[in-house]
Amino acid sequence: EAGVAQSPRYKIIEKRQSVAFWCNPISGHATLYWYQQILGQGPKLLIQFQNNGVVDDSQLPKDRFSAERLKGVDSTLKIQPAKLEDSAVYLCASRGLAGDRHNEQFFGPGTRLTVL
Amino acid sequence: AQSVAQPEDQVNVAEGNPLTVKCTYSVSGNPYLFWYVQYPNRGLQFLLKYITGDNLVKGSYGFEAEFNKSQTSFHLKKPSALVSDSALYFCAVRDEGGNTGKLIFGQGTTLQVKP
């Protein structure tokens, strides 16, 4: 089966600019996650969707970050305006079988964002 | 609150030797533990998980992990390391708070296998 797709793979922007990332999860996976991975750290959850509804966005900096999953499939994560500390890899993951919380998450290759 | 700790930033081992990557956890309820591996410029790949049952869990690429409740540890092991095992390894625990099932990751351990 096809894996989780993300684009772009790399993005370089200047601070105060806007940027958007796209994620296409594995077909049929109801749960979608966006993680931020800063260099030297483990991934940190930003937001979790169940179908097109937000389950957890407690760690999302809502003054500058937004995310949506309008049709319960693809998702976009936006940063506006970007700060230097947003430089990180943004990982998208999906998980199938919404009723089974122990299923593993499948990760995409990530988008490496550099803010200058 | 759930958390995991990976006490070693880097582990060095010679090819053919056994390897261990350490992980300890702190949870308020039942621990649901995972290991992922990350190769350069790639996403995380699932290796194995402990949910319940046998304390020795077998996973992908010949890796296994031993769950030890008394020591609150979930160390990753492999009997004979390969150079291709060199990568960044993450231990994670499922956060049972709020019933979202999100993962909380350790900071990662770089495994370097030398020929």
For this session: Would you check which residues across segment A:1-41 are in a loop (DSSP other than H, G, I, E, B), farther than 25 Å from residue B:106 by Cα and basic (Lys, Arg) and list them?
Result: A:15, A:16
Problem set entry | Scan of segment A:42-67 for residues that are touching a strand residue (DSSP E or B) at 6+ places or on another chain (Cβ under 6 Å) and part of a strand (DSSP E or B), ordered by number | A:44, A:45, A:46, A:47, A:48, A:49, A:50, A:55, A:56, A:65, A:66, A:67
Seminar exercise, completed: Counting only residues that are touching a Lys or Arg at 6+ places or on another chain (Cβ under 8 Å) and open to solvent by less than 10 Å² (accessible area, probe 1.4 Å), segment A:30-44 contains a total of 4
Exercise. Given segment B:41-115, what strands (runs of 3 or more DSSP E) lie entirely inside it while holding 3 or more residues that are open to solvent by 10 Å² or more (accessible area, probe 1.4 Å)?
Worked result: B:44-50, B:56-58, B:64-68, B:73-78, B:109-114
For this session: Could you tell me whether residue A:64 is touching a Pro at 6+ places or on another chain (Cβ under 7 Å), over 16 Å from residue B:105 (Cα atoms) and open to solvent by less than 40 Å² (accessible area, probe 1.4 Å)?
Result: yes
For this session: Pairs only if they're at least six apart or on different chains, beta carbon under 6 angstrom, first in segment B:72-83 and farther than 24 Å from residue B:31 by Cβ, second buried (at least 17 other Cβ atoms within 10 Å of the Cβ); list them, first residue then second.
Result: B:81/B:13; B:81/B:19; B:81/B:113; B:83/B:113
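The values are calculated or read from the model by the stated rules, or taken from the named source; none is laboratory data. The model shown is predicted, which means the values in this text are computed figures rather than measured ones. Please note: Cβ atoms are built from the backbone with ideal geometry, for glycine as well, and neighbour counts cover all protein chains shown. Surface areas here come from the heavy atoms of the whole protein model, side chains and all, with no ligands, DNA or RNA. Shrake-Rupley method; radii C 1.70, N 1.55, O 1.52, S 1.80 Å.
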